[in-house]
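Remarks on the structure that follows.
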Amino acid sequence: MSNLSGRVQTVLGLVDPEKLGRTMTHEHLTMTFECCYFPPPQGDEAVAANPFQMQHMHWLRQNPYSCHENLLLQQETDAVRDELRVYKQAGGGAIVENTTTGLERDLPTLKQLAQDTGVHIIAGAGYYVDCTHSETTKSMTVEQLTDVIVSEVLNGADGTDIRCGVIGEIGTGWPITDSEKRVLRATAHAQTRLGCPVIIHPGRNPAAPAEVVRILQEAGGDIGKTVMSHLDRTIFDEGELLEFAKLGSYLEYDLFGTEMLNYPYNTDIDMPSDSQRVKTLAFLVKEGYEDKILVAHDIHTKNRLTKFGGHGYSHILKNIVPKMLTRGISQRQVDKILIDNPKHWLTFK
Ligand SMILES: CCC(=O)NCCS(=O)(=O)O
């Protein structure tokens, strides 16, 4: 048994899982999303170049990826620090920071934020989607990728001694590329060696989550200790959702606060509203999946910070939980979703 067993690994070291409290399992505190820049609608170039004005707030919410400056969350560490203090006051205890290689992960900043705010921060190991894989990453074998991921958890990442406490978010697209498949296999191998939590970013297709699970399973991964992120923009049909849920992963609704008409990365997708998300959670609870649900905001652009008129990291605690309680989800079930499920997922075997 390793010294990680039965513990959660934060950027400040190992902690007793009981200490986490309410946990958002999919956030970003410092990163860049330049890899996913999407050109603005024709005629909107001037707004995109000068977005942070009151009269442009609605445009920015509808077109968050069409403005370079909005994608640079790493410029807002002071605002994020203030927000984490608000999150703590609102009853938050921990945050899983999902920034992996390809998104400019910054572990020293995460460590400083944890020290400054008292919020437990758990950092992510591994690689984001294919378009961010370097030539070196693309040329690595599964064994080499596994060694890197294991080392990020056991020794520290990016030349620091700051250790990651989860693998992910591991990025995959649709269809899943060869390089992404190698990273998935390495993730499963590393998970077998470490007994650690894994979290996946699936492609934007209803078949994508199950295909990822198939690849992980074939490589020996522990699906019961794996989170499937972004289900809110991926699986819409209730029957398909229940089919996927049967595979045994955690089911994460992590885009709370995101409401947009035209989702640029796949215009066939209708991004749900927060009310629709709550309805889906109530459905999953009714179907017996209360032990498998996780929630978060996945803040990854500036406009979602309260400094820029956004909902911030406390939106779920302040606004969504009261709504859940009026839609058939009990306080005990809310506590499972916010406290118990994250704790069980994050604890090393
Ligand atoms: C890095 C943040 C991220 O990948 N978020 C998911 C965005 S989306 O695929 O749901 O649009």
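The values are calculated or read from the model by the stated rules, or taken from the named source; none is laboratory data. Just so we're clear, the structure is a prediction, and the values are computed from it rather than from any experiment. With ideal geometry, Cβ positions are generated from the backbone for all residues, glycine too; neighbour counts draw on all protein chains shown.
Some points to look at:
- Scanning segment 273-287 for residues that are in a loop (DSSP other than H, G, I, E, B) and more than 25 Å from Gly91 (Cβ to Cβ) turns up at least one hit.
- Selection of strands (runs of 3 or more DSSP E) fully inside segment 192-259 by the criterion of at least 2 residues being within 12 Å of the ligand (Cβ to nearest atom) and surrounded by fewer than 17 Cβ atoms within 10 Å (Cβ to Cβ) returns nothing.
For every residue, the table says whether it meets (1) buried (at least 24 other Cβ atoms within 10 Å of the Cβ); (2) charged (D, E, K, R); (3) modelled with pLDDT under 95.
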{"site": "Thr117", "(1), (2), (3)": "no, no, no"}
{"site": "His133", "(1), (2), (3)": "no, no, no"}
{"site": "Val142", "(1), (2), (3)": "no, no, no"}
{"site": "Thr146", "(1), (2), (3)": "no, no, no"}
{"site": "Leu154", "(1), (2), (3)": "no, no, no"}
{"site": "Glu169", "(1), (2), (3)": "yes, yes, no"}
{"site": "Pro175", "(1), (2), (3)": "no, no, no"}
{"site": "Val183", "(1), (2), (3)": "yes, no, no"}
{"site": "Ala190", "(1), (2), (3)": "yes, no, no"}
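- Qualifying residue in segment 49-64 (condition: under 25 Å from Leu317 (Cα atoms), away from the ligand (no atom under 16 Å from the Cβ) and among the small types (Gly, Ala, Ser)): no
- The residue that is nearest to Gly312 (Cα to Cα), counting only those in segment 260-289 that are in contact with a Phe, Trp or Tyr (Cβ under 6 Å, 6 or more places away or on another chain) and within 12 Å of the ligand (Cβ to nearest atom), is Met271.
- Filter pass, Asp291 being farther than 20 Å from Pro272 by Cβ and in contact (Cβ under 8 Å) with a residue 12 or more places away in the chain: yes
Every residue, every condition in (1) within 30 Å of Glu18 (Cα to Cα); (2) among the polar types (S, T, N, Q); (3) away from the ligand (no atom under 16 Å from the Cβ); (4) in contact with a Lys or Arg (Cβ under 8 Å, 6 or more places away or on another chain), yes or no:
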site: Thr117; (1), (2), (3), (4): yes, yes, yes, yes
site: His120; (1), (2), (3), (4): yes, no, yes, yes
site: Ala123; (1), (2), (3), (4): yes, no, no, yes
site: Lys138; (1), (2), (3), (4): no, no, yes, no
site: Gln144; (1), (2), (3), (4): no, yes, yes, no
site: Gly165; (1), (2), (3), (4): yes, no, yes, no
site: Ile176; (1), (2), (3), (4): no, no, no, no
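- Among the residues listed as Ser273, Ser330, Ser314, the single one being more than 20 Å from the chain's Cα centre (by Cα) and among the polar types (S, T, N, Q): Ser330
- Residue satisfying all of: in segment 146-163; of a type outside the set (A, V, I, L, M) and over 19 Å from Arg7 (Cα atoms); nearest to the ligand (Cβ to nearest atom) among these: Asp158
- The set of residues in segment 293-325 being farther than 30 Å from Gly248 by Cβ and of a type in the set (Phe, Trp, Tyr) consists of Phe308 alone.
- Number of the condition not met by Leu294 [criteria: (1) touching a strand residue (DSSP E or B) at 6+ places or on another chain (Cβ under 8 Å); (2) within 24 Å of Asn70 (Cα to Cα); (3) not in a helix (DSSP H, G or I)]: (2)
- Qualifying residue in segment 45-61 (condition: touching a residue at least 40 places away in the same chain (Cβ under 8 Å), surrounded by fewer than 21 Cβ atoms within 10 Å (Cβ to Cβ), of a type outside the set (A, V, I, L, M, F, W, C) and touching a strand residue (DSSP E or B) at 6+ places or on another chain (Cβ under 6 Å)): no
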